[in-house]
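What follows is calculated from the coordinates using simple rules that are stated; it is not laboratory data. The structure presented is a predicted model; accordingly, all values stated were derived computationally and were not measured. For neighbour counting, all protein chains shown are included, and Cβ atoms are generated from backbone atoms with ideal geometry for every residue, glycine included.
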Amino acid sequence: MPKNNAPKEIWFLTGSQSLYGEETLAQVAAQSQQVAYAIKGGLTAPVNLIWKPVVKTAESIRRVMLDASADDNCIGVITWMHTFSPAKMWISGLDALQKPLLHLHTQANQALPWATIDMDFMNLNQAAHGDREYAHLVSRMAIARKIVVGAPASKEVADRISAWSWACIGWNTSQNLKLARFGDNMRFVAVTDGDKVSAQMQFGMSIEAYGVNTLVAAVAEVSDGAAEELAALYEREYDVVQELRVGGARHESLVYAAKQEIALRNLMEAGDFNGFTSDFEDLGDLRQLPGLAVQRLMADGYGFGGEGDWKTSALGAILKSMTPAGGGTSFMEDYTYHFGPGTAKVLGAHMLEVCPTITESKPRIEIHPLGIGGKEDPVRMVFTAKPAEGRQVCLVDMGDRFRMIQAEVQIVEPTEDLPKLPVARAVWEPKPSLATSAEAWMLAGGSHHTVLTNSVTAEAIEDFARIARVELVVIDEDTTIRAFRKELQWSAAYHRLAERL
């Protein structure tokens, strides 16, 4: 399994100052714990919210920020100014912080006790202006952060902090991500290439090259017995066509696909990798392009990119770590269009490698010719993605910076059955329309490879982009080409020249 899946910690820090006296500060601490408890109860992301003692001095603030930055289990910090906490105390601490930051603007009480408010109450509940003092300083320091405003027990606050927490999980994955490239990119293709050094500097990901013979040798080391055992599991869990079952004419092809899966898993686990790529042009002595093996590894959380596409593989691993249990996220490609009759649609697929987490049906394991690559017929799962709201996301290298592009879609049932299409697929209606979405995607320089998700929210993706300081452009139901062109121009100027908030 990919690493970094254990529950991580979000630290909750409360700001105040010593001048209020011990009695008031004791109330601040008690109410701060109540706020943290209320937030913790509403979180949907698999993180532990850890309350930390109230910080009152520049020294204590710097110390806790250094501790958070050094703690591998801490993936983000929430700050809240319960009272007035003079912001110059926070400069050295914020300067030391190396983890994502969320500024919660709230107060311990949702409703004011109008009939009993006195100056003691006013002195205790000062977040309304304490947070503004702090926010001014964070803006002046040009620190990327998310601001969430509202009552601590409200669903709106919980949802927004949850989205950010999922983004922190994705950022933690990115910072620790290792990706194995078996072979190189498909020849002459531009968008799957890119600057791996810049990617490591910005995202933390390490992209590591392996000759395809590394995989060939690993497959050769897998015993027939181990492969037969896995093939038997396939027959129990999936609808396997008769010719691939034990005793079938092509059962040996299923056994070889099982050897590929075992070999890839062994390599992933030994190298502590989160994702990988393959390329049908660079298979060496592999008998099949890995299909079934890739699909099952993706279902377990690994990222994948075809034709050596390391950026899509890395993005897939990141978004899979941000996918709630039961959700679906997959490698995908816009393959062909349906312009009508009816609503225009995209038929998305790939040669073999689409993840079964995006379907509700029991996948069917089949074997068919590939038509390219010059190898044996590969084994693959065949299924159709379930209807759902979703989004396509890609990561591209624009030369001077990376750009993420997100397009909102409605995944739908195919207009008709697809009895002769022997690959996993998804059909979707782009927003606001196929024509506008496709034009905007191409104007932004989007890849033909994407990650399709029916579960990672648009807000979580936006939060991740902010944490990563990467440009994000969004195509949705409100997109118009005239406005989108201007947005690309403004965004290019911003990411080249401006401080990033």
Counting only Cα atoms, I'd like the Rg/Rh figure for segment 3-116, Kirkwood definition for Rh.
0.99
Give me the distance between the Cα centres of segment 152-213 and segment 293-356, rounded to whole Å.
15
Dipole size in debye (nearest 20) for the chain around its Cα centre, Lys and Arg Cβ +1, Asp and Glu Cβ -1?
1080
What is the helix-to-structure angle for 155-175, meaning the angle in degrees between its Cα long axis and the longest Cα principal axis of the chain, kept from 0 to 90 and rounded to the nearest 10?
60
Each label point is 7 Å from the Cα along the Cα-to-Cβ direction; what then is the distance between the points at N213 and D195, in nm?
3.3
Over 10 Å intervals from 0, what percent of Cα-Cα pairs in segment 234-323 sits in each interval?
16, 44, 30, 9, 0
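According to the square roots a ≥ b ≥ c of the eigenvalues of the Cα gyration tensor, what is the shape class of segment 298-404, taking rounded for a/c under 1.5, prolate for a/b larger than b/c otherwise, and oblate for the remainder?
Details: a/c = 1.25, a/b = 1.17, b/c = 1.07.
It comes out rounded by the Cα gyration axes.
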Based on other C-beta atoms within 10 Å, arrange F339, F12 from fewest to most.
F339, F12
How would you rank Y256, Y210, going from fewest to most other Cβ atoms within 10 Å of each one's own Cβ?
Y210, Y256
What angle do you read, to the nearest 10 degrees and between 0 and 90, between the alpha-carbon axis of helix 481-497 and the longest principal axis of the chain?
70
With Cα atoms, 0 to 90° folded angle of helix 310-321 axis to the chain main axis
60
Positive-pole candidate from P324, S433, N266, dipole of segment 178-497, charges at beta carbon
S433
Find the centroid of the Cα atoms in segment 72-139 and in segment 415-488, then give the distance between the two in whole Å.
37
In Å and from the alpha-carbon atoms only, list the Rg and Dmax of segment 53-177.
15.6, 56
Translational diffusion coefficient, Stokes-Einstein: compute it for the chain using the Kirkwood radius over C-alpha pairs as Rh, at 37 °C and 0.692 mPa s, and state it as an integer in µm² s⁻¹.
134
Pairs of alpha-carbon atoms within less than 8 angstrom and 6+ residues apart define the contacts here; what relative contact order does the chain have, in percent?
13
Can you work out the Karplus-derived ³J(HN,Hα) for every residue in segment 194-199? Use 6.51 cos²θ - 1.76 cosθ + 1.60 with θ = phi - 60°, whole Hz, and x for glycine or proline.
x, 8, 6, 5, 4, 4
How do D272, D282 line up, fewest other C-beta atoms within 10 Å first?
D272, D282
Do any of K99/K386; K345/K375; K88/K196; K146/K311; K56/K178; K146/K431 go past 30 Å between their Cα atoms, and which?
K99/K386; K345/K375; K88/K196; K56/K178
Name the long-range amide H neighbours of N48: under 5 Å, sequence gap of 5 or more, or other chain; modelled H, no Pro or chain starts.
K8, E9, I10
Stretchable slack from L233 to A493, in nm (0.36 nm times residue separation minus alpha-carbon distance):
88.2 nm
To the nearest 500 deg cm²/dmol, what mean residue ellipticity at 222 nm is calculated for the chain from DSSP H runs of n ≥ 4 alone, each contributing -39,500 (n - 2.57), summed and divided by the residues?
-12000 deg cm²/dmol
With at most 12 neighbouring Cβ atoms within 10 Å, loop trypsin sites (Lys or Arg not before Pro) (DSSP) excluded, longest segment of the chain:
188-419
In the chain, which longest range has no GluC sites (Glu not before Pro) that are both DSSP loop (not H, G, I, E or B) and surrounded by at most 13 other Cβ atoms within 10 Å?
1-220
